[in-house]
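Written below as structure tokens is the structure these notes are about.
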There are 2 protein chains.
Amino acid sequence: MTAYGGIETGGSKWECAVGTGPDDLRAAETIRTTTPAETIGRAVAFFEREGPVEAIGIGSFGPIDQKLSSPTWGHITSTPKPGWAHTDVGRQIQRRLSVPVAFDTDVNAAALGEHWWGACQGLETFCYITVGTGIGGGGMAGGKLLHGLLHPEFGHMRIPHDRDADPFDGVCPYHGDCWEGLASGLAIEARWGHPAASLDGDQAVWELEARYLALGLVSVLCVLSPERIVIGGGVAHHEGLLALVQRDVLTLMNGYLEASAVVDDIAGYITLPGLGMRAGVLGAIALAQTL
Amino acid sequence: MTAYGGIETGGSKWECAVGTGPDDLRAAETIRTTTPAETIGRAVAFFEREGPVEAIGIGSFGPIDQKLSSPTWGHITSTPKPGWAHTDVGRQIQRRLSVPVAFDTDVNAAALGEHWWGACQGLETFCYITVGTGIGGGGMAGGKLLHGLLHPEFGHMRIPHDRDADPFDGVCPYHGDCWEGLASGLAIEARWGHPAASLDGDQAVWELEARYLALGLVSVLCVLSPERIVIGGGVAHHEGLLALVQRDVLTLMNGYLEASAVVDDIAGYITLPGLGMRAGVLGAIALAQTL
């Protein structure tokens, strides 16, 4: 039976899988992200072992070049991750495994996964946002994945930052206190001195985090008017956080936009991924099937 | 020869026109916005006099209901403009003139106009932003006008607001210091005590305005990744303002996103409408032709 390959490339690990969807995952492997040569080599070895596959979808950390007409299509471009700037991922996988490759951002892949099998089935305009080590966003508008000039970079929006209440400068190497700089997992750890996962009981941590996440979501809501906002990633899964974010978005919108989807069902409007932590790699398998 | 009608409904005036495009405008009239009954009556009279037309496009101030399946399609919904909340515009025009009507936001209409005849020809993903009495935004993603849950409301994003430098509270009745609350024409007049047009020589006014506009544009850029950003409206046409905005966007992005369209040609990337102040009404005529 036909199988497809999916790769979710992340800054700390790559998730590789073979199958056709959430109910048909035949093989999966997590590879630690080291050097490009070693990491890509291990992914290639996985598909040589578990294949053959019809096509491979790659959802990648970025920024990336996903323009088909570009000579550097398939590259990770100006990432600050040491050793990874301007790395050819897509073409190399395509060449070494002799299969067609679909290449997009990790968040667009996850959005496609949610559209096919998860929380965004039947919707035409929605976002998938990940809040983990960093913050990224993708999604669809009018039934098409968001591309444009390059691709969305939700994490680098500026949001209000009250330095009296939170004097922390932010961790973004480019912008300091952009959304990612203030609200990513890395920001939480740098501000409070402990990783997010170990700050469970500290309500001040999560009240501030919810406030920042809500401020960014309001911008997303105002620019894209999504029918639903899905938030994945390790930080987003912190218990109780989403309810605080939902509350703060309603407070910030303050009754503007009489959309019953937002006002009457905020818990359905801002939601966790239907596919959980597998949205990315499953979305990559979906991407492969769009070729 | 076939003709189409276009209406740009604004809070202070309605622009009505008959024709097929910028080189074929056969009649035009500006109607002062008074009560709904009187204003709509005058628009109907204009088309009765200057018609017949095949169809009419309406680009309206909002928020509006443009969902075809909705029972209140064609309505202006929760606008704070006195007398205009929950006003049926689209269906009434359709019924009284017995013609098909296309109904969208003023900024989406203008975006379509720019796409057909102006600064966004050949582009699939771009925005049209108006900075006048208020701030609004629309555009296309993947070749389709931005809709979604409702429609974009760019003006109500939150942006950083340094109250030490600018203690002004903002003028938005819902949010105080959202983008529109800080940077619209109404905000300029309230902050400085004079209308924007009479503050030409005051560099501090325009430096602050450029800073706020750039902060909002960065969010638009990060969410939508537009191939071009067109800024229309009375405030945007202030001489020299756009150059300051372009400079501030580059400063804020700080080298993130190596897109030559942004970095090497910022003056072409953030630009005035190709159709000037007629983008809205011409876009409405384009809308009519999409039916």
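Structure data summary
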read-out: Karplus-derived HN-Hα couplings along the range B:278-289 (A = 6.51, B = -1.76, C = 1.60, θ = phi - 60°), whole Hz, x at Gly and Pro; value: 8, 4, x, 6, 5, x, 5, 5, 5, 3, 4, 7
read-out: Other-chain or far-sequence residues with amide H under 5 Å of A:Cys172's (modelled H); value: A:Cys178, A:Gly181
read-out: For A:Ile58, residues with placed amide H under 5 Å, excluding near neighbours; value: A:Ile7, A:Ala102, A:Phe103, A:Asp104
read-out: Cα gyration tensor, the range B:1-127 - rounded (a/c under 1.5), prolate or oblate; value: oblate
read-out: C-alpha long axis of helix B:203-224 to longest principal axis of chain B, angle in °; value: 70
read-out: Compactness of the protein assembly as shown, expressed as Rg and Dmax over alpha-carbon positions, Å; value: 24.2, 76
read-out: Equivalent ellipsoid semi-axes, the range A:222-267, via Cα gyration tensor eigenvalues times 5, rooted, Å; value: 20, 12, 9
read-out: From phi via Karplus (6.51, -1.76, 1.60), per-residue ³J(HN,Hα) for the range A:91-108 in Hz, x at Gly/Pro; value: 5, 5, 4, 4, 6, 6, 9, 6, 9, x, 10, 9, 10, 8, 6, 4, 6, 5
read-out: Quotient of C-alpha Rg and 2.2 N^0.38 Å, computed over the range B:121-272; value: 1.00
read-out: Amide proton proximity set for B:Thr271, modelled H, under 5 Å, gap of 5+; value: B:Ile229, B:Val230, B:Ile231
read-out: In Hz, Karplus ³J(HN,Hα) per residue of the range B:116-121 (6.51, -1.76, 1.60; θ = phi - 60°; x = Gly, Pro); value: 7, 9, x, 7, 10, 5
read-out: Accessible surface buried upon A-B contact (total; probe 1.4 Å; Å², nearest 100); value: 4000
read-out: For A:136-148, mean number of other protein chain Cβ atoms within 10 Å; value: 5
read-out: Heavy-atom accessible surface of the protein assembly as shown: percent carbon and sulfur, 1.4 Å; value: 51
read-out: Shielding by other protein chains, B:222-235, mean Cβ within 10 Å; value: 4
read-out: Between helix B:36-50 and chain B: long-axis angle, C-alpha atoms, 0 to 90°, nearest 10; value: 60
read-out: For chain A, alpha-carbon Rg over 2.2 N^0.38 Å; value: 0.98
read-out: Qualifying GluC sites (Glu not before Pro) for the range A:174-283 [loop in DSSP, other Cβ within 10 Å: at most 11]; value: A:Glu239
read-out: Cross-link reach list, lysines versus A:Lys67, counting only Cα pairs under 20 Å and skipping chain neighbours closer than eight places; value: A:Lys144, B:Lys144
read-out: Shielding of B:123-130 by partner chains, average beta-carbon count, 10 Å; value: 2
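The values are calculated or read from the model by the stated rules, or taken from the named source; none is laboratory data. Bear in mind the structure is a predicted one, so any value in this text is a computation, not a measurement. Positions of Cβ are generated from backbone atoms using ideal geometry, with glycine treated the same way; all protein chains shown enter the neighbour counts. Accessible surface is based on the protein model in full, side chains and every heavy atom, while ligands, DNA and RNA are left aside. Shrake-Rupley method; radii C 1.70, N 1.55, O 1.52, S 1.80 Å.
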